[in-house]
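Let me begin by presenting the structure, written as structure tokens, before commenting on it.
None of the figures in this text is laboratory data; all of them are computed from the coordinates on show. Everything numeric in this text was worked out from a predicted model, so none of it was measured. Every residue, glycine as well, gets a Cβ built from its backbone with ideal geometry; the counts of neighbours run over all protein chains shown.
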Amino acid sequence: MAASSVSRVTQFRKSSTPVLDRNRDGRWLQVLSHLSPRYGGIASSVPRLARATEAAGRHACPIVGFCSQDELQDLGEAERNAMKAFPPSRMRWMVDGSLHRELREMVRAADGVHIHGLWETHCMTAAGIAQSCRRPYMVSAHGMLEQWALRRKRLKKAFYAALIEIRVMRRAACLRALSLDEVDDYRRLGLNNPIAIVPGGVDVPSEAGPELFRATFPKLEGKRIVLFMGRIDQKKGLNMLLAAWAAVVERTSDIHLMIAGPDCGMLPSLLQMTDQLRLHDSVTFAGMVTGELKWSMLATASLFVLPSYSEGFSIAVLEAMAMAVPVIVTTPCHIPEVAIHDCGWVIQPQLEKLEQALGEFLALSGEKADEKGRHGRGLARTRFHSSVVAGQMDQVYEWLQGGAEPSSVEIV
């Protein structure tokens, strides 16, 4: 660990944090902007990691969302009972003191606060209350400081960052990066906090097979399925994927592109593009897929493709790898291990590169494709398994409370 990182944490401990009481379990409050799985990303990955962290170590991880109460209805009963939804309106927080009192009591009952995501009410509010209660907090940007992401609403974000967000991050006891690339995103803003590199984690059911997928989509029997799974959003590169698909689909008749995920406003334009390129027979839009059908879809897929322009750290890619599916990802997915361990292809987010990778996949023998899949499965189930990642997060929490330096986490 760098000397500056040690100094920063030591300074924070002296000013605000009691040393960890070894006779009791810790408690780290998780704060995010959405709780419904339909929002994907943080709303899906944070509860999963929180549950795994509770199972792996000594820390409870209650979850708070700054979102509509309606989002709780998208969850199972056990999840609803374990989560608390606060209103996301900044105006409500400015005028309703009862909200501050309720959240303050939750923070006081915790040893620390882990804030997930930026730019919204939850980040500034939770950080301010944590400071007033003399509790350490850490911030996970989840890809929201990437250059592509910052260019969207650029002026608004630049003003808000200068006024509020950079100050919130600078006062954090620790920042969490999903990858080495995200470390650079923090440092580019002049932040010198210690940064813990803890990636996302993946769980895989003990049994998952293609039967449910085949029953749901019987017309695709015998087809090799190329799968995209994620939000139907501009940053995911789906226009590029359809254009590349049009260029390669004529080479063989046994492939089919399955696009699964909730629409974030982009679906009409993609359907129009599908019409224009005459891809009706080789592309299916499946909508949001969850549970057994999701895993059956992954069990059926011959290839997983995520041609994103911007990602935090895609759990869907890890899930595909864990199911022994070779993958094509772009460099903004921040998973260089795909190329290092020969699990698939890492490409620049460019049409010609995507066409080339798809063509190389089509030219692969079944044995070579299976080999890439096996490499991915081994990597996902060792380096990126939820139990491994949760153990790392548990060590970071303990360290921030005055415990030992994490032995399995890189701190920069």
(message) Can you compute the radius of gyration and Dmax for the chain, using only the Cα atoms, both in Å?
(response) 21.9, 66
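Arrange the following residues from fewest to most other Cβ atoms within 10 Å of their Cβ: Thr252, Thr216. All intermediate terms of the calculation are to be shown ahead of the outcome.
Details: Thr252 9, Thr216 13.
By the 10 Å Cβ count, ascending, the order reads Thr252, Thr216.
I'd like to compare 220-228, 205-213: which one has the highest average count of other Cβ atoms within 10 Å, and what's the full order after that? Walk me through the numbers on the way to the answer.
Numbers: 220-228: 18.0, 205-213: 14.2.
Put in order of decreasing packing, that is 220-228, 205-213.
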(request) Provide the gained length on full extension for the span Val412 to Leu293, in nm with one decimal, where the gain is 0.36 nm per separating residue minus the Cα-Cα distance. (result) 38.8 nm
(message) Taking amide H atoms as placed 1.01 Å from N in the peptide plane, list the residues 5 or more away in sequence, or in a different chain, whose amide H sits under 5 Å from that of Ala177.
(response) Ala196, Ile197, Val198
(message) Quick check: the distance between the Cα centres of the stretch 111-150 and the stretch 22-98, to the nearest angstrom?
(response) 13 Å
(request) May I ask you to evaluate 6.51 cos²θ - 1.76 cosθ + 1.60, the Karplus curve with θ = phi - 60°, for each residue of the stretch 188-205 and list the ³J(HN,Hα) values in order in whole Hz, giving x for glycine and proline? (result) 4, 8, x, 7, 10, 4, x, 10, 9, 8, 10, x, x, x, 10, 10, 10, x
(request) In whole Hz, with x marking every Gly and Pro, tabulate ³J(HN,Hα) for the stretch 373-384 from phi via Karplus 6.51 cos²θ - 1.76 cosθ + 1.60, θ = phi - 60°. (result) x, 5, 4, x, 4, x, 5, 5, 8, 10, 5, 10
(message) From the helices alone, meaning DSSP H stretches of at least four residues, give me the mean residue ellipticity at 222 nm for the chain, per-run term -39500 (n - 2.57), in deg cm²/dmol to the nearest 500.
(response) -13000 deg cm²/dmol
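Got a sec? How would Trp28, Trp399, Trp148, Trp93 order by Cβ neighbour count within 10 Å, fewest to most? Present the calculation step by step, with values, prior to reporting the outcome.
Numbers: Trp28 27, Trp399 23, Trp148 14, Trp93 20.
Lowest count first: Trp148, Trp93, Trp399, Trp28.
Working out 0.36 nm times the residue gap between Arg92 and Arg38, then minus their Cα-Cα distance, what length gain in nm do you get to one decimal?
Values: separation 54, 0.36 × 54 = 19.44 nm, distance 2.47 nm.
Using 0.36 nm per residue and subtracting the Cα-Cα distance, I get 17.0 nm.
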(request) Please list, in chain and number order, the residues 5+ apart from His385 or on another chain whose amide H is under 5 Å from its amide H, with Hs placed from the backbone. (result) Val202
(request) Any chance you could run the full-extension gain for Gln350 through Glu105? It's 0.36 nm times the residue separation minus the Cα-Cα distance, nm to one decimal. (result) 83.3 nm
(request) Please report, in Å, the Rg and the Dmax of the stretch 251-408, where both are computed over Cα atoms only. (result) 17.9, 61
(request) May I ask for the distance between the Cα centers of the stretch 218-234 and the stretch 337-376, given as a whole number of Å? (result) 17 Å
(message) Just to check I understand the Karplus step: with θ = phi - 60° and J = 6.51 cos²θ - 1.76 cosθ + 1.60, what whole-Hz values come out for the stretch 228-235, glycine and proline as x?
(response) 10, 9, x, 5, 7, 9, 4, 6
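Give the peptides 316-322, 261-267, 86-92 in descending order of average Cβ contacts within 10 Å, highest first. All intermediate terms of the calculation are to be shown ahead of the outcome.
Details: 316-322: 26.9, 261-267: 16.1, 86-92: 14.6.
Top to bottom by mean Cβ count within 10 Å: 316-322, 261-267, 86-92.
Over the chain, what is the percentage of antiparallel beta bridges among all DSSP beta bridges, to the nearest 5?
Numbers: 2 of 46 bridges.
If we restrict to bridges inside the chain, about 5 percent are antiparallel.
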(request) Please list, in chain and number order, the residues 5+ apart from Ala85 or on another chain whose amide H is under 5 Å from its amide H, with Hs placed from the backbone. (result) Gly65
(request) Sort Val46, Val346 so the one with the fewest other Cβ atoms within 10 Å of its own Cβ comes first. (result) Val346, Val46
(message) Restricting to lysines 8 or more places apart or on different chains, can you count the pairs in the chain with Cα atoms under 23 Å from each other?
(response) 17
(request) Report the residue, chosen from Gly97, Gly26, Gly373, that carries the largest GNM mean-square fluctuation when the chain is represented by alpha-carbon nodes joined by springs under 10 Å. (result) Gly97
(message) Please compute the contact order of the chain in relative form: average sequence separation of alpha-carbon pairs under 8 Å and at least six residues apart, divided by the residue count, as a percent.
(response) 19 percent
